[in-house]
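Everything on this sheet refers to the single structure shown next.
The values are calculated or read from the model by the stated rules, or taken from the named source; none is laboratory data. Predicted model only: the values in this text are computed from it and were never measured. Cβ atoms come from the backbone with ideal geometry, glycine included; neighbour counts cover every protein chain shown.
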Amino acid sequence: MLEIFHHLLPPDFDWLFLNYSDAIYIILFSVIFIETGLVIMPFLPGDSLLFLAGLSARAGYLNISFLILLLFFAAVLGDNLNYWIGRKIGLKMFNLKLGGRLLVKKEYLDKTHIFFEKHGSKAIILARFVPFVRTFAPFAAGVGKMDYKRFFLFDLLGGFIWVAGLSAAGYLLGNIEFIKNHVDLVCIAIVLISILPIVFQYIKILLSKSK
């Protein structure tokens, strides 16, 4: 199992296909499900994995239609598990006390609830494309008691755009020689692009504090 993770960070599809053949579908499903479903596993390579899976489909290793359908299901299932963990278990964290004081103030819970009521739809969709944030967003939506029907609807939309978009991008760009010959650089570029929103938000906060 540890060896599999070694070849998933970054993804090494040649090794994976050589050793696991069609079982690669199960591995891909598991990685996407775990990254989106367990708040303690935000470091798995979701974006680059989807893109490289698309590249591998172009190379004939995978069926692109089945791949998108399978990983879309994994992403939605993972997010929904994460949402309900946050809603049923995460809330209990706000009742934990240390030295007679709550570990987390109730006002933070109220603010989380208000945020997802006001910005939840956009947050759930955009979070899909930001590492770490996409793992914590459904958990926070559950903690904030975002309306489940609303969460589910926009989670379906965000999950499809994320999985289909990145997988299709890898598939469509798979014949470009530069991309085929510089997969590592492409993975790095994907990661850098995906964290830009976090960087911009951090800079914005710093600038607002300096005024």
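Could you tell me which of the residues M93, M41 is part of a loop (DSSP other than H, G, I, E, B) and at pLDDT below 90? Show your work before the answer.
On the way: M93 fails: part of a loop (DSSP other than H, G, I, E, B).
Just one listed residue meets the conditions, M41.
Just to be sure, is N175 modelled with pLDDT under 70 and of a type in the set (S, T, N, Q)? Explain how you work it out, then say what you get.
On the way: modelled with pLDDT under 70: no; of a type in the set (S, T, N, Q): yes.
So N175 fails the test.
Determine whether L49 is in a helix (DSSP H, G or I) and touching a strand residue (DSSP E or B) at 6+ places or on another chain (Cβ under 7 Å). Please lay out each step first, then the result.
Details: in a helix (DSSP H, G or I): yes; touching a strand residue (DSSP E or B) at 6+ places or on another chain (Cβ under 7 Å): yes.
Judged against the criteria, L49 is a match.
Of all residues in segment 124-139, count the ones that are assigned to a helix (DSSP H, G or I) and either buried (at least 20 other Cβ atoms within 10 Å of the Cβ) or not aliphatic (A, V, I, L, M) (or both). Lay out the reasoning, then the answer.
Our first condition is that a residue be assigned to a helix (DSSP H, G or I); within segment 124-139, this holds for 124-127, 133-139.
Among the residues that remain, those that are also either buried (at least 20 other Cβ atoms within 10 Å of the Cβ) or not aliphatic (A, V, I, L, M) (or both) are: 124, 127, 134-139.
Residues meeting the conditions: 8.
Tally time: how many residues in segment 152-166 are crowded, with 18+ Cβ neighbours inside 10 Å and not aromatic (F, W, Y)?
Number satisfying all stated conditions: 6.
Quickly run through segment 166-178 and pick out the residues that are part of a helix (DSSP H, G or I) and without any contact (Cβ under 8 Å) to a residue 60 or more places away in the chain. Break it down into steps so the answer makes sense when it comes.
Here is the first cut: in segment 166-178, the ones part of a helix (DSSP H, G or I) are 166-172, 177-178.
Scanning segment 166-178 gives E177, F178.
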